[in-house]
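Remarks on the structure that follows.
The values are calculated or read from the model by the stated rules, or taken from the named source; none is laboratory data. Every value quoted in this text rests on a predicted model; they were computed, and no experiment measured them. In this analysis, Cβ positions are derived from the backbone assuming ideal geometry, glycine residues included, and neighbour counts consider all displayed protein chains. What goes into the accessible areas is simple: the full protein's heavy atoms, side chains included, and nothing from ligands, DNA or RNA. Shrake-Rupley method; radii C 1.70, N 1.55, O 1.52, S 1.80 Å.
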Amino acid sequence: MKAPSFAYAKPTTLAEVFDLLNRHGDGAKILAGGQSLIPSLNMRLSSPSVLVDIMGLRDLAGIKVAGDTVWIGALTTHAEIERSTEIARYVPLLAQAVKQVAHVAIRNVGTFGGSVALADPAAEYPACCVALDATFVLAGRKGERRVPARQFFKGIYVTDLEPGEVLVAGEFNGIGAGYRSAFLELARRVGDYAIVGIAAHAKVGGGKLADVRLAFLGAGDRPILAGNAAAAVEGHAYGPAVVKAAQDALAKDLTPPADLYHSSATKLHLARVLTGRALAALAG
Ligand SMILES: Cc1cc2nc3c(=O)[nH]c(=O)nc-3n(C[C@H](O)[C@H](O)[C@H](O)COP(=O)(O)OP(=O)(O)OC[C@H]3O[C@@H](n4cnc5c(N)ncnc54)[C@H](O)[C@@H]3O)c2cc1C
């Protein structure tokens, strides 16, 4: 199928974007890399009257490190994240995760902001952002606001973005001394969205794991921070008993929705397997 007809605008400033979004209301849709939006138009799942192409706003692109903060502009492509030495050094969880985002052709065009704003519960970045307690910068006519990732994702394809707002960037704290990250997922084929995945981050010192964050993708209607599983590990040395305690506790954190191929029980089992592997990776 082909997309329904739509008007196209390519503003060069945020002020123009806000004007277009406010003028066209629900009829306007932001276009970034188009890797999710264009297929959805072609399938006639959406029929906006105007696409507001933001790819000309170069202030929203790139990766900057200032002190402890790493700023990733919304228009930064997956490929730029994958190639970035700053991301590899300061946000290694994202460096691991980006390799699992779709295929090379999609990574060359798809953007960080597009993935976050889309809020697919099986996407890699949202879980990483929740695990790392990142902050999103949102802008609209009334100004800028910052929203913690842990409050941003509201449900399947639902976020805290208000009508007329644009996601400008994500801000991350650079990895602290002694911290380690592990990103793992299971997918039917390389490049597919994950069946289940885990974004894990913790401080490892004196043989013990502390400040443990285990965020799951594909296991709920949004990225899920598994507080009970993390508590079972917190302050303990890595070992089979601790892994089992975390795996058992996971039942209190996750009730994964079944999909066409996997029951809820299968997904919980896979989440437990990934938890064991992620804890082993964190412990080194
Ligand atoms: C075959 C295939 C496989 C894929 N596999 C994966 C995968 O494994 N993991 C994964 O994470 N993704 C996957 N994707 C999606 C891909 O990562 C997209 O690049 C990403 O989801 C959207 O980024 P985009 O820049 O293309 O956004 P677009 O498609 O342009 O936009 C997506 C949505 O976000 C909105 N939007 C975009 N940017 C902003 C912004 N700055 N502010 C506010 N709203 C905005 C748009 O209005 C639209 O609703 C896959 C896509 C395809 C086609």
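Which order do you get for Tyr157, Tyr238 if you rank them by accessible area with a 1.4 Å probe, largest at the top?
On the way: Tyr157 130, Tyr238 100 Å².
In descending accessible area the options line up as Tyr157, Tyr238.
Note on the stretch 59-105: with neighbouring protein chains present and a 1.4 Å probe, carbon and sulfur make up 50 percent of its accessible heavy-atom surface.
How much accessible area does Arg146 have with a 1.4 Å probe, in Å² rounded to the nearest 10? Estimated to the nearest 10 Å², Arg146 gives 130 Å². Beyond 23 Å between alpha-carbons counts as too far, so tell me which of Lys244/Lys267; Lys10/Lys64; Lys64/Lys154; Lys2/Lys154 fall in that bin. Among Lys244/Lys267; Lys10/Lys64; Lys64/Lys154; Lys2/Lys154, the Cα-Cα distance tops 23 Å for Lys10/Lys64; Lys64/Lys154; Lys2/Lys154. Other residues within the sphere of radius under 14 Å centred on the Cβ of Phe216, judged by their own Cβ, net out at +2 (K and R +1, D and E -1).
Here the dipole of the chain is about 420 debye; that uses its Cα centre as origin and unit charges on the Cβ of Lys and Arg (positive) and Asp and Glu (negative).
Counting only C-alpha contacts under 8 Å and six or more residues apart, can you give the relative contact order of the chain as a whole percent?
On the way: 633 pairs, mean separation 41.1, N = 284.
It rounds to 14 percent for the chain.
Counting only protein heavy atoms and a 1.4 Å probe, the stretch 145-222 has 44 square angstrom of accessible area per residue.
What value, in deg cm²/dmol to 500, does the helix sum -39500 (n - 2.57) over DSSP H runs of n ≥ 4 give at 222 nm once divided by the residues of the chain?
After summing the helix terms and dividing by residue count, I get -9500 deg cm²/dmol.
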